[in-house]
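The values are calculated or read from the model by the stated rules, or taken from the named source; none is laboratory data. Since the model is a prediction, treat every value here as computed from it, not as a measurement. Positions of Cβ are generated from backbone atoms using ideal geometry, with glycine treated the same way; all protein chains shown enter the neighbour counts.
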Amino acid sequence: MKTNDNITLQSLLKISVVPDFIISLDNPFPSISVKSFWVMLKSKTGVVEGKLFLQKDRSKLIIFEPGFPGGGSTQYEQLWLEKTLKNGYSIFLARHGGTLIHGTFSKSYINCTERQKLKAIDGLHVLGNKKDYSIADWLIEPLIALEVLTPHFSEIVLCGHSFGPLALIYSLLKFVKAEPKLASKICRIVSLSGSIGRVRNYDNSILKIWHDHLNTEWAKERVELGDAKINTDIFGEAHKIVNEKASIIPKNITFIAVTPYGDTEKSIDEIVEPMESIDFINSLGRGYFIVDKTEWSDKKSGRMTHDMEALKPDIIVRLLSKSWLPENQITTIE
């Protein structure tokens, strides 16, 4: 970190951060007037790291929460960031606590070599400020971002992929209860293949998929999250809470769920069922369900339908826009 990086950030936006973990980054799109930072946001709830892209006009903010194990934020940067910035949004792209800093896959998941070079807190080799992380910590990452950033913007959009929408809704429920006036700034939730449904049977549910993923070396090479059984129980309880308390979400917040569900075997989400989104819309009592038929998988390259890489930037911007709504409650992208 250069000594003046936090001073630069504070001159633009006076927010609560951990100063030693603020890094001024190069503007990825010189044609757009935006300031870029790696930040460790700090609130009464805890800390969360990620990239913050600041517009001169501070009216609109997107808080993006990735799924498991966290590559969604890098994907957002690569596929959708430029178009989103061109449409005037400031953006916070979270990274999960517990993400390995110097692992085989850290470069792609963190996507910030400057952060990887920083001296770790007390010798930690993961993102964040504590040694042991769990799904419970991931569930409140958006809450920390909301506590720190919401006072400085007039319009907040929450967007997430896979696990991300669960954490966003879980955090929102807490934020609405603690800060109802600030929560009124939140206008939209966009769920991209969100794992947000009701769990009816463990063996045929997302919980078993989660448990099996957490136990793999593939996952352990990317994040440190502790015991798979404990995390699965936390995950299951969160599903229960967001559905049972969905009515708390203010009526001014629009909910839009997009889920891949095409006409061939290669175009159906491998992880999250469409019923997850329908469940939550039913619990909420309102919302829009969009079937994305453009996604596809490729076993040879490792591409997954679930990752939604075919979703076009123009569509993302439309989904995020407060002024846009689908023509019907159930629609398709083809």
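Can you name every residue in segment 120-157 that is hydroxyl-bearing (Ser, Thr, Tyr), farther than 15 Å from residue 64 by Cα and in contact with a helix residue (DSSP H, G or I) (Cβ under 9 Å, 6 or more places away or on another chain)? Matches in segment 120-157: 134 only. The sole residue among 297, 267 that is of a type in the set (S, T, N, Q), crowded, with 20+ Cβ neighbours inside 10 Å, over 13 Å from residue 197 (Cα atoms) and modelled with pLDDT of 95 or more is 297. Looking only at residues of segment 72-88 that are surrounded by fewer than 24 Cβ atoms within 10 Å (Cβ to Cβ) and touching a Lys or Arg at 6+ places or on another chain (Cβ under 8 Å), we find that the one that is nearest to residue 113 (Cα to Cα) is 77. Within segment 162-185, the set of residues being part of a helix (DSSP H, G or I) and either of a type in the set (S, T, N, Q) or in contact with a Leu (Cβ under 6 Å, 6 or more places away or on another chain) (or both) comprises 167, 168, 170, 171, 174, 175.
For residue 185, the conditions (1) at pLDDT below 95; (2) in contact with a strand residue (DSSP E or B) (Cβ under 7 Å, 6 or more places away or on another chain) are fulfilled apart from (1). Exactly one residue among 283, 247 is in contact with a Lys or Arg (Cβ under 8 Å, 6 or more places away or on another chain), touching a residue at least 24 places away in the same chain (Cβ under 8 Å) and among the polar types (S, T, N, Q), and that residue is 283. Within segment 242-260, being crowded, with 18+ Cβ neighbours inside 10 Å and not β-branched (Val, Ile, Thr) holds for 243, 246, 255, 257, 260. Among the residues of segment 117-135, the ones that are within 21 Å of the chain's Cα centre (by Cα) and surrounded by 15 or more Cβ atoms within 10 Å (Cβ to Cβ) come to 7 in all. The residue pairs whose first member lies in segment 158-182 and is acidic (Asp, Glu), whose second member is buried (at least 24 other Cβ atoms within 10 Å of the Cβ) and not in a helix (DSSP H, G or I), and whose beta carbons are closer than 8 Å, counting only pairs six or more residues apart or on different chains, do not exist in this structure. From the residues in segment 94-114 that are farther than 30 Å from residue 229 by Cβ and either touching a helix residue (DSSP H, G or I) at 6+ places or on another chain (Cβ under 8 Å) or aliphatic (A, V, I, L, M) (or both), which one is surrounded by the most Cβ atoms within 10 Å (Cβ to Cβ)? The residue in question is 111. Show me the helices (runs of 4 or more DSSP H) entirely contained within segment 10-113 in which 1 or more residues are among the basic types (Lys, Arg) and more than 17 Å from residue 142 (Cα to Cα). Answer list for segment 10-113: 81-86, 106-110. Just to be sure before I move on: is residue 13 over 21 Å from residue 192 (Cβ atoms) and buried (at least 18 other Cβ atoms within 10 Å of the Cβ) in the structure I sent? Criteria met by residue 13.
Right, residue 46: out of contact with any Ser or Thr (no Cβ under 6 Å at 6 or more places or on another chain) and at pLDDT 95 or above or not? Criteria met by residue 46.
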